[in-house]
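Below: the structure, in structure tokens.
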Amino acid sequence: MSMGKPLPHDSAPLHVTGAARYIDDIPVPADCLHLAFGLSHEARGVITAMNLDAVRSAPGVMRVLTAADLPGVNDISTAAHDEPLLAAGDVHYHGQPIFLVLATSHRAAREAAAKADITIEAKPALLSIDDALAARSYFEGGPLTWRRGEVAPAMAKAETIVDGRIEIGGQEHFYLEGQVSLAMPQDNGDMVLHTSTQHPTEIQHKVAEALATPFHAVRVETRRMGGGFGGKESQGNALAIACAIGAHLTGKPCKMRYDRDDDMVITGKRHDFRIAYKAGVDAKGKLVAVEFDQYVRCGWSMDLSLPVCDRAMLHADNAYWIPNIRITSHRLKTNTCSATAFRGFGGPQGMVGIERVLDHIAHRLKMDPLELRQANFYKKSRPQETPYGQPVKGFILPEMVKSLAESADYKGRKQAIARWNEKSTVLKKGIALTPVKFGISFTLTHLNQAGALVNLYADGSVTINHGGTEMGQGLNQKVAQVAAAGFGIGMEQVRITATDTGKVPNTSATAASSGSDLNGMAVKNAVDEIRDRIARFLATEAGVKPRDVVFAQGRVTAGEMDMTFAEAAKHAHENRISLSATGFYATPDISWDRAIGKGHPFFYFAYGAAITEVAIDTLTGENRILRVDILHDVGQSLNPAVDVGQIEGGYVQGAGWLTTEELVWDEKGVLRTHAPSTYKIPACSDRPDVFNVALWNGENHVPTIYRSKAVGEPPLMLGISALMALSDAVGACGDGYPHLNAPATAERVYMAAKRVQGAR
Amino acid sequence: MDIAFLLNGETVELTGVSATTTVLDWLREERGLTGTKEGCNEGDCGACTVMVTDHSGTKPINGCILFLPQINGKSLTTVEGLAAPDGTMHPVQQAMVEHHGSQCGFCTPGFVVSMAAGQITGETDHDRQLAGNLCRCTGYAPIVRAAVNAARQPVPAWLRDRPAGPPMGAYVNDFQPTTIAALAELRRAHPDATIVAGATDVGLWVNKDHRPLGNVIFITQIEELRRIEVAPYMIRIGAAASIEALRLATARRYPSLAAMLDRFASAQVRAAATVGGNIANGSPIGDTPPPLIALGAMLQLRNGEDMREIPLEDFFIEYGKQDIGPGEFVEAVVIPRDQESDRLKVYKLSKRFDQDISAVLGAFNIEIKDEKVISARIAFGGMAGTPQRARAVERALVGRPWTEATVRTAKWSFAEDFRPMSDMRASAAYRLETAANMLDRYWREDQGEAVDVREVTS
């Protein structure tokens, strides 16, 4: 049985030998053209003159396209039709593509693109949250508010009230493989694309729109991505469309990959937030009322900002019962790159808001923050409702947190740290436990569906195909294990194939942590279908009931009959049994009314908790994570090795977001941190010295694939414990509350420590 | 240029190669060896890591900022060349599979090559070996588990026995002189030529700025220019000595300098980057000039037959302007060793500990006798347009008792010495305050107080 085994990633032997093929590794015909965008050098303005002669005459340049040269719709947006592929007239951010170069090499295209002479009449750009608020530059005309209860009277009766605000920076995805696409023109005007994307179907649709053809004329294939993290949910559209247009116009294959600096300048990032809060608690520290204003810098176009902001609101409660609450979301349109999906999809920012509130209250009440958090958890016995009206069922966080606090000796270490801090002048330590409750399902309900295609060949070998994409998360490995388990065969008999819009159509993005939940179930349904056909056939032959036909350990037994799985396949085939099936799955029990913010948007919640211990240097603010203990809920694990990998990686990525990863734009709207030399994701030595990760032993209370739970996004939010531990360490410098913003760079930690020392 | 080298054990001869074609582009585009990846094209992510072996040893190097002529006469091993001829995986490859060290797999070839190079050199500090390989998926934990495991196993025979260069040795090229005298002559004849040492900076001019370099003179093949002489009275560091060589040569004498050099950059960059390059490019944020200035180093400049020697601090005139004439080049830097009492401490402040450019780099060399400061040489990077001494601070210390009160007073003088700027690395205020706090740190460290956050454990 392959389920639940810690098997290596299916591509691991290919990864380590360099044989795993990414888009840029695919051999291309010699006449392949290479593409590069020419970019805007202003954050906002009108193009008044464009001289591209030097670009056109640069070595290797075959063609240069502007908006006027496009054959179809000039749009790369996910839905709103507000994002031209090439700016036509107005430019909306520094780095916006204006023209497209087709050249004989990647280097020639890039060098030529830099030679343009473009005059842009600059206009005042809205760069910051404050700029946008002053200009009332909102998407959807104004803020969106969801409420429950009566905040004002509850707040009036509160024993203690805290208010404040936290600035939370964005985050660059820094997938190691940059955005890349390859278009190969076919006969009859058809187009085949190889694209590094989490959403092949959207690429198909957008390319068809750009070429003014039906969807069936475009096929998109994605074998694997070198990392996605949400950054390849919509941000690959531009390259794929550019390549398809280039191939359409020239008849030659066209490839485009962004140089890293261009990638970081052009593409969207995690939304940066400012969260203003006011929270009241009763005498026991229980929340009675909370108000959040979430100010979000969405950038110049809508992209996925609305659902991202919704999810931030949906996670404003995290794991806590808040009887009276108002959440207002300000979706601000600014002249910066269009912020996009990033692992957690707004959830992390929403969660930071409430964790900050609890940290602030604990400081005010001089309570242990963990005790305060525990006191405010949802009740398990009688399911309480979230602010959006979904009962919190299967709420295992109280047991998990108790177990983790004990196994990691939270109390003992908290006391030891206090003693250590008393003796240490310039170095201080801090510790914090934060929980995660993350809603699983796309909030746009119709996306919660998946399809699969399973082929059993007459020699007993199997290919599986599904709508999900592999970006490193081990989706294909998990799904292959599901298939092998269904047929009772070894993994070597199951071949994973590239995601292909020609095999499984109308798919959703691999996003919202849904990959294995949706596609695993779809593949299982297809496998069950084929297996049942064989079982019915063999049952008739053997004179037993279909359910008595057993598929296990590579063999099939039916009464007296006993044969290898391969023999069973051959035998079924020769008796004209179909060995190919599609599978389909739609998540049950979900509904959502976005306008009023009520419903049952999530099939279930995934849980986790982390304890982080840090040390800071108050002379410089330099800080380090010393130890991390994590207990995470993946239900009944499909593959514990893959799941632990997601948790370790998610934690480090989340901690990076909140510590060293700082995006800096200058006063002209130019991103100054556009390469790994200036934008610092965690390096090897930044991982915690002690890093204990355990899986909660349990199963999902709702019927997911083998009772497992989604694991892609939730662990990222375990990293919030690093920010809260830093707050604890800074708090040890004096009496004031640290008011630590994120990312808590050395500079912010230093300045916060100085403030707290000043308050002594 | 004409070059010969070993590629995964097989001799390759190329004629007429451009001086600025990178090894990465050549491997991927000409040779079809696509296992080596482009992640950032600037030497910061390590996805393009290749292994370069010559008679001085084996090094991991970033292929994206390594020009083809730089491997003339050497042995180049890529991820495709690590497994045995019969396909048996290298122990690091096997360990990476077994310990789940890859997820998306894009950074993996670079990691595997760095780990294999570390196994050959016997490096067991995996954080040090892997600081230049970024992974966005795993959080590094499984990769380090794999590295620990692989380090216990012997270097496979097929790699151990691979020669350090092609049988014919390096091809001779006019612009690859092999003696200092020849370089001096060439430099004089071509004062406008670009000197390329490790190409860790020049590589970016080519890849990012598309800057035409004109004639290019390569210098790291000049053995005598790479030499580091450690004599009783001085240490003389040839301009083409790598940062890694400097780190190893100073580990005992100046442990604080060597520890900072760990953080100067990744193993890949340290193996390629040179001391001369770090000085000659005149960057205000190069990490070697401040400690060298604090040690009273002298710079030796050569022009043809002529040699002149100046205090290193005088080399940096203003931002973008150095005291170097046409036809002249940096030949060596000399640290006098007459002061046995050197008490050098070097403090680097950056957003990330490893492989990051300094926001502030402070080097302190304060001599104490009878509890009094008798001399102080303090130099900073990141605080001005050039690496610069903190003369007012030095004045506020010398002759005074070595006490907290003196330190507290001297900290006020930093504002007299420096008016740093704000940029994406740090604000001016933060730079100024932390620079002053570094003096505090130096004093506390002197009193035996624990001040290094990197030494703290849970």
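If you take the Cα centroid of the stretch A:547-604 and the Cα centroid of the stretch B:290-349, the two points sit 73 Å apart. A simple charge model with +1 on the Cβ of Lys and Arg, -1 on the Cβ of Asp and Glu and nothing else charged puts the dipole of the stretch B:227-446 at about 540 debye relative to its Cα centre. Each Cα pair under 8 Å and six or more residues apart adds its separation to the average, and for the stretch B:1-220 the resulting relative contact order is 25 percent. Peptide B:418-428 has a mean shielding of 3, counted as Cβ atoms of other protein chains within 10 Å of each residue's Cβ.
For the stretch A:705-711, backbone phi angles converted through the Karplus equation (6.51, -1.76, 1.60; θ = phi - 60°) give residue-by-residue couplings of 4, 6, 6, 8, 10, 5, 9 Hz, Gly and Pro being listed as x. Choose one of A:Ala418, B:Ala231, A:Thr160: the residue whose Cα lies farthest towards the positive end of the charge dipole of the protein assembly as shown (beta-carbon charges +1 Lys, Arg; -1 Asp, Glu; about the Cα centre). Farthest along the dipole direction, towards plus: A:Thr160. Divide the volume of the convex hull around the Cα atoms of the stretch B:227-446 by the residue count and you get 117 Å³ per residue.
The modelled label-to-label distance between A:Glu567 and A:Asp689, using points 7 Å beyond Cα along the C-beta direction, is 6.1 nm. Taking the DSSP bridge list for chain B and keeping only pairs wholly inside it, about 90 percent are antiparallel. In terms of other Cβ atoms within 10 Å, A:His15, A:His446 run from fewest to most in the order A:His446, A:His15. Between the stretch A:135-178 and the stretch A:291-370, the alpha-carbon centres lie 5 Å apart. In chain A, the DSSP beta bridges split such that about 80 percent are antiparallel, to the nearest 5. Work out the charge dipole of the stretch B:1-220 with +1 on the Cβ of Lys and Arg and -1 on the Cβ of Asp and Glu about the Cα centre, then indicate which of B:Cys135, B:Val17, B:Val79 is farthest towards its positive end. Going by the charge dipole, the pick is B:Cys135. Look at the stretch A:668-677: the mean tally of other chain Cβ atoms within 10 Å of its residues' Cβ atoms is 4.
Enumerate cysteines in chain A without a disulfide-compatible partner, where compatibility requires another Cys Cβ under 4.7 angstrom. Cysteines lacking a close Cβ partner in chain A: A:Cys32, A:Cys298, A:Cys309, A:Cys337, A:Cys684, A:Cys733. Rounded to the nearest 5, the antiparallel percentage of DSSP beta bridges internal to the stretch B:1-220 is 75%. Per residue, chain B reaches -8000 deg cm²/dmol at 222 nm when only DSSP H runs of four or more residues are counted, each adding -39500 (n - 2.57).
Determine, for B:Leu439, A:Leu127, A:Leu444, the number of other Cβ atoms within 10 Å of each Cβ, and report the residues in order from fewest to most.
Ascending number of Cβ neighbours within 10 Å: A:Leu444, A:Leu127, B:Leu439.
Under 15 Å from a label point 7 Å along Cα→Cβ of A:Lys668: give me every residue in the stretch A:74-116 with its amide N that close. Once the point is set 7 Å along Cα→Cβ of A:Lys668, A:93-96 turn out to lie under 15 Å by backbone N, inside the stretch A:74-116. With the simple spin-label model, which puts each label point 7 Å out from Cα in the Cβ direction, the A:Glu541 to A:Arg63 separation comes to 5.6 nm. Across the alpha-carbon atoms of chain A, the computed radius of gyration and Dmax are 27.0, 86 angstrom. For the cross-link pairs A:Lys709/B:Lys37; A:Lys478/B:Lys351; A:Lys429/B:Lys351; A:Lys232/A:Lys429; A:Lys428/A:Lys709; A:Lys393/A:Lys428, the ones whose C-alpha atoms lie over 29 Å apart are A:Lys709/B:Lys37; A:Lys478/B:Lys351; A:Lys232/A:Lys429; A:Lys428/A:Lys709; A:Lys393/A:Lys428. Charged side chains reduced to their Cβ positions (Lys and Arg at +1, Asp and Glu at -1) give chain B a dipole of some 920 debye around its Cα centre.
Fewest neighbouring Cβ atoms within 10 Å first, the residues B:Ile195, A:Ile161, B:Ile237 line up as A:Ile161, B:Ile195, B:Ile237.
Give, as a single signed number, the net charge of other residues whose beta carbon lies under 9 Å from the beta carbon of A:Ile325, with Lys and Arg counted +1 and Asp and Glu -1. Before the final figure, lay out the partial values.
Values: positive: A:Arg147, A:Arg148, A:Arg326; negative: A:Glu291, A:Asp317.
Residues close to A:Ile325 contribute a combined charge of +1.
Spin-label pair B:Glu371-A:Ser407: with each label point 7 Å from Cα along the Cα-Cβ axis, the two points sit 5.5 nm from one another.
Measuring nothing but how far apart in sequence close Cα pairs (under 8 Å, 6+ apart) lie, relative to its length, chain B scores a relative contact order of 12 percent. Helix-only mean residue ellipticity at 222 nm, chain A, DSSP H runs n ≥ 4 weighted -39,500 (n - 2.57), per residue, nearest 500. What is it? Result for chain A: -9000 deg cm²/dmol, rounded to the nearest 500. The charge dipole of the protein assembly as shown, taken about its Cα centre with unit charges on the Cβ atoms of Lys, Arg (+1), Asp and Glu (-1) only, comes to about 2800 debye. Projecting the Cα positions of B:Ile378, B:Leu299, B:Gly277 onto the charge dipole of the stretch B:227-446 (unit charges on Cβ atoms of Lys, Arg, Asp and Glu, taken about the Cα centre) puts B:Ile378 furthest along the positive direction.
Read-outs throughout are calculated quantities, based only on the coordinates presented, and are distinct from any laboratory measurement. As the structure is a prediction and not an experimental result, all values here were calculated from the model. Because the Cβ atoms are built from the backbone with ideal geometry, glycine has one as well, and the counts that use them run over all protein chains shown.
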